[in-house]
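Structure record follows, encoded as structure tokens.
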There are 2 protein chains.
Amino acid sequence: MKHTDIRISPGTRVRLPDWDADDRSIIGKKKNDAHERLDEYRVRLETLQELLYAEGRNKLLVVLQAMDTAGKDSTIRHVFQQVDPLGVKVTSFKAPTHYELARDYLWRVHHHVPGKGEIAIFNRSHYEDVLITRVNGWIDGAECKRRYRQINDFEKMLVETGTTILKLYLHISRDEQKKRLEARRDTPEKQWKFLPSDLEVRAQWDDYMQAYEAAMSATSTAHAPWHVIPANSKLARNLTVSGLLIETLEKLDMRYPPPVAGVTDIEVI
Amino acid sequence: MKHTDIRISPGTRVRLPDWDADDRSIIGKKKNDAHERLDEYRVRLETLQELLYAEGRNKLLVVLQAMDTAGKDSTIRHVFQQVDPLGVKVTSFKAPTHYELARDYLWRVHHHVPGKGEIAIFNRSHYEDVLITRVNGWIDGAECKRRYRQINDFEKMLVETGTTILKLYLHISRDEQKKRLEARRDTPEKQWKFLPSDLEVRAQWDDYMQAYEAAMSATSTAHAPWHVIPANSKLARNLTVSGLLIETLEKLDMRYPPPVAGVTDIEVI
């Protein structure tokens, strides 16, 4: 039985094969209508971001995790295209530097959490510290469990101090990744992105799936649940992410700040 | 005689009344065509940013300075609307914190300069440290001159290490500001932005013009010249800024990185 909801309920033992990477149901019958809907979502998101910024009370943190080619960059580009660059800060976390490694693994991400009225997007995140590190055996199971708890505690503190956290796993199938890597290899304008190291990571596919399952099972909390986004279809993925963002922002019950008292009586000389 | 070029040649003694804030000549005869041109510019800018990011060699720093309501935020929103939020980092510099004030005034801006392949936008900048500080007498003339030199030296170092700096002064007239403040006061959705403190700054208009003239005269260098953007018309402003950005990026002679050797022979298993 495939999951129909994208949210991982706290306490669930995640099995990724139960989640349909290929789910296109959100698109509906007419693809053109779906594209129009996505355009409307973009405009709505622009409006909501403006309100978030104006009110300056809430903070939104979007955490994006996925296997290579699943579309982290592309999701950011398509979903946030219309949104004012003033209000969105994207941080792409690469392999940590020596300076970063000399500190705890939450140090560098903490620096980039959103301020009041801001949206911060983590393109990869502190979750790499329980994924790539675990798959390659750089940390053992006990250390990994300790980190799950530390991450939950850290995120809880962020939520308690006014942050809404949206954790998204872009779910593609192994076959879909093959198609995309081949397309990258065979398209002249995309070839520069094709790196043999991607194939090494691909060879560890099953280990990664296991690491993701374990990490999401342990860290899909009530305060910061994970969402599994069907991502074999880019359109379905973009619609799902946009819709979720809008739903999340609408729940914040935001208001424009009131003007100063007697504003209309103030003369501009 | 009004200036026809927007670039301040190094060594010029700037007199802002000589620059026409109201210049709409870039719009041409048909406003609709100009809007279409702006759309084309947005798409072109998106393409160029992608190339900048892919090549990962150049860094672009855009410095935006202007009086209130001249449209710093609005320029960022309209010009960069189409550009991938992954490749653009906007930093809005507000009044410095105690922590920042305990350090030199270039410290906090240095932290936010663009990395390779990035565009950084400074929404206000280190220039506030020779503007608001000078107008209010927090620094004297000698200190201000010292800072002009320090700023020139700092920017020269950035340029020598691979950064292209584009300094833009959005030029509006005092009358235009009056209209915009009144519109802000009288439009319910905008009233929250209307702050009596804006009127205090407006009362210092002439002092600010003098401070801008002195600062731009001293810091429009060959490596990082200032540009005076006619900004009474939002359309003229957006066209001018977009055009300048495109021209600047095109001059960088960028190329997509080559693929790894024998890319098409690599099998994806």
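Across the cross-link table entries A:251/B:178; A:116/A:234; B:30/B:190; A:94/A:145; B:179/B:251; A:190/B:30, which are compared at the Cα atoms, the separations over 27 Å belong to A:251/B:178; A:116/A:234; B:30/B:190; B:179/B:251; A:190/B:30. Per residue, the stretch A:42-134 exposes 38 Å² of accessible surface when a 1.4 Å probe is rolled over the protein heavy atoms with every protein chain present. In whole percent, and with a 1.4 Å probe on the protein chains, what portion of the accessible area of the protein assembly as shown is carbon and sulfur? That fraction is 51 percent.
A 1.4 Å probe, protein heavy atoms only, puts the accessible area of residue B:22 near 80 Å². For the rotational copy relationship between A and B, the axis lies nearest to a chain A beta carbon, identified with its distance in whole angstrom as A:85, 3.
Taking the helices alone, chain B has a mean residue ellipticity at 222 nm of -13500 deg cm²/dmol, built from -39,500 (n - 2.57) per DSSP H run of at least 4 residues and averaged over all its residues. Compute the long axis of helix A:234-250 from its Cα atoms, compare it with the longest principal axis of the Cα atoms of chain A, and write down the angle in degrees, 0 to 90, nearest 10. For helix A:234-250, the angle is close to 40 degrees. Using the Cα coordinates of the protein assembly as shown, the gyration tensor eigenvalues translate into equivalent-ellipsoid semi-axes of 43, 26, 24 Å, sorted from longest to shortest. With label points set 7 Å from Cα along Cα→Cβ, the inter-copy distances at residue B:96 are 3.2 nm, sorted shortest first. A simple charge model with +1 on the Cβ of Lys and Arg, -1 on the Cβ of Asp and Glu and nothing else charged puts the dipole of the stretch B:1-158 at about 300 debye relative to its Cα centre. Rg over Rh for chain A works out to 1.00, using Cα positions for both radii and the Kirkwood form for Rh. Since only A:214, A:60, A:245 are under comparison, the one whose Cα sits farthest along the positive direction of the charge dipole of chain A, derived from C-beta charges on Lys, Arg, Asp and Glu, is A:214. Ordered from largest to smallest accessible area (heavy atoms of protein chains, 1.4 Å probe), the residues A:98, A:126 come out as A:98, A:126.
Note on exposure: B:128, B:247 ranked by accessible area (1.4 Å probe, complete protein assembly) read B:247, B:128, with the most exposed listed first.
In the stretch A:51-193, how does Rg compare with the Kirkwood Rh, expressed as the Rg/Rh ratio over alpha carbon atoms?
On the Cα set of the stretch A:51-193, Rg over Rh gives 1.00.
If one computes P(r) from the Cα atoms of the stretch B:9-48, what percent of pairs lie at distances over 14 Å? I get 65 percent for the Cα pairs in the stretch B:9-48 exceeding 14 Å. Counting only Cβ charges, +1 for Lys and Arg and -1 for Asp and Glu, the dipole size of the stretch A:98-204 around its Cα centre is about 180 debye. The candidates B:197, B:217, arranged from most to least accessible area with a 1.4 Å probe in the full protein assembly, appear as B:197, B:217. Relative to the longest principal axis of the Cα atoms of chain B, the long axis of helix B:141-160 lies at roughly 10 degrees.
Gap in Å between the Cα centre of the stretch B:223-244 and the Cα centre of the stretch A:172-218? Rounded to whole Å, the Cα centres lie 43 Å apart. Distances between equivalent label points of residue A:112 across the copies, with each point positioned 7 Å along Cα→Cβ, amount to 1.7 nm, shortest listed first.
In Å², rounded to the nearest 100, what is the total accessible surface buried by chains A and B against each other with a 1.4 Å probe? By this definition, chains A and B bury close to 3700 Å². Counting only other chain Cβ atoms within 10 Å of each residue's Cβ, the peptide B:182-188 averages 3. Take residue A:174, push a point 7 Å out from Cα through the beta-carbon direction, and compare it with the same point in every other copy: 7.4 nm, smallest first.
The values are calculated or read from the model by the stated rules, or taken from the named source; none is laboratory data. Given the structure is predicted, the values throughout are model-derived calculations rather than measurements. Quick reminder, even Gly has a Cβ in these numbers, built from the backbone with ideal geometry, and neighbours come from all protein chains shown. For the accessible areas, the whole protein counts, side chains as well, though only heavy atoms, and no ligand, DNA or RNA atoms are used. Shrake-Rupley method; radii C 1.70, N 1.55, O 1.52, S 1.80 Å.
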